[in-house]
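Visitor: One structure coming up, written as structure tokens, with questions to follow.
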Amino acid sequence: LLGNIPRLLIANAYFLLIPVTKFFDPTMAIQLLERAINEQRSNTGNEDNDDSDFLTWYLLGRAYSLIDSPRQAYDTFQISLGKGPSSPLPWLAVGSLYLKLGQLPDALAAYSQAARLQVEGPDATISQIIASATAWDGLACVYERCDDQAHDAADACLRAAACFRSAGDLRASSQAEQRAHSLTTASRGEAPPPALKGPPDTPIVLLRDLIGMFPRDISESYQDPPQQQQQQQ
């Protein structure tokens, strides 16, 4: 009824990318997101530029990942990084993609950047705490795949557990603590290492808080660190 309104197309695609629902359809999500981008380009009058935000391109990359198109996912996530370098979402996605491809140094760099972007302390929001937990969880997965890094993997698990506990997710916190214990035991040679864990998926709560926002509000919520520091001063 309303036509090609980009924010509605993006919201529709978001729902199509939730795996646990009957509406799950990454291919349709790609079509909707491409329509949204084309509409935004037509609004600017420039085919080589658009007024899209990093969330649009992140969702497109996520859709490509879900249909097992890593090359297209990588290219799209890179555009998302360019539009929102201060958001942890693209960095978490790139880290997961690199980890699946076995490119451990690149995965380590991406997850480390996601961890550095997070706000700590009483001013941190639930979304920021969960993003930090996911970053540390990803770092643990990277360390597990490196030689003689079980101790570092255990430490990352404990950091993830602390974040999950702060966010109120006691189940995830307990699982991370148990894995840290198993990794510590393995690092001492007292037991075999646990089976490798797959890269963590981006929690849906990190997207849910953004999907109803306008591009300007999304950009302001993830300002570059120097701008944040200037405002705090």
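Visitor: Can you name every residue in segment 82-95 that is assigned to a helix (DSSP H, G or I) and open to solvent by 20 Å² or more (accessible area, probe 1.4 Å)?
Guide: The answer is GLY82, LYS83, TRP91.
Visitor: Restricting attention to segment 104-131, and to residues there that are of a type in the set (Ser, Thr, Tyr) and touching a Leu at 6+ places or on another chain (Cβ under 9 Å), which single residue is modelled with the lowest pLDDT?
Guide: In this case the residue turns out to be SER127.
Visitor: Tell me the residue from ARG188, ARG116 that is within 14 Å of the chain's Cα centre (by Cα) and open to solvent by 60 Å² or more (accessible area, probe 1.4 Å), please. Talk me through it step by step, then tell me what you get.
Guide: On the way: ARG188 fails: within 14 Å of the chain's Cα centre (by Cα).
Only one candidate qualifies: ARG116.
Visitor: Please report, ordered by residue number, the helices (runs of 4 or more DSSP H) entirely within segment 1-81 with at least 1 residues that are at pLDDT below 90, open to solvent by less than 70 Å² (accessible area, probe 1.4 Å) and under 17 Å from ALA93 (Cα atoms). If you could, list the steps in order and put the result at the bottom.
Guide: Numbers: elements: 6-16, 26-44, 54-66.
Passing ranges, in order: 54-66.
Let's see how each residue does on (1) at pLDDT 95 or above; (2) more than 19 Å from the chain's Cα centre (by Cα):
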| position | (1), (2) |
| --- | --- |
| ASP137 | yes, no |
| ALA140 | yes, no |
| CYS146 | no, yes |
| LEU158 | yes, yes |
| SER174 | yes, yes |
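Visitor: Please work out which residue is surrounded by the most Cβ atoms within 10 Å (Cβ to Cβ), limiting yourself to segment 96-106 and to residues that are free of Cβ contacts under 8 Å to residues at least 60 places away in the same chain and in a helix (DSSP H, G or I).
Guide: Step by step, filter segment 96-106, then rank; the result is TYR98.
The values are calculated or read from the model by the stated rules, or taken from the named source; none is laboratory data. Because the structure is a prediction, the values reported are computed rather than measured. Positions of Cβ are backbone-derived with ideal geometry, glycine not excepted, and every protein chain shown enters the neighbour counts. Heavy atoms of the whole protein, side chains included, go into the accessibility calculation; ligands, DNA and RNA do not. Shrake-Rupley method; radii C 1.70, N 1.55, O 1.52, S 1.80 Å.
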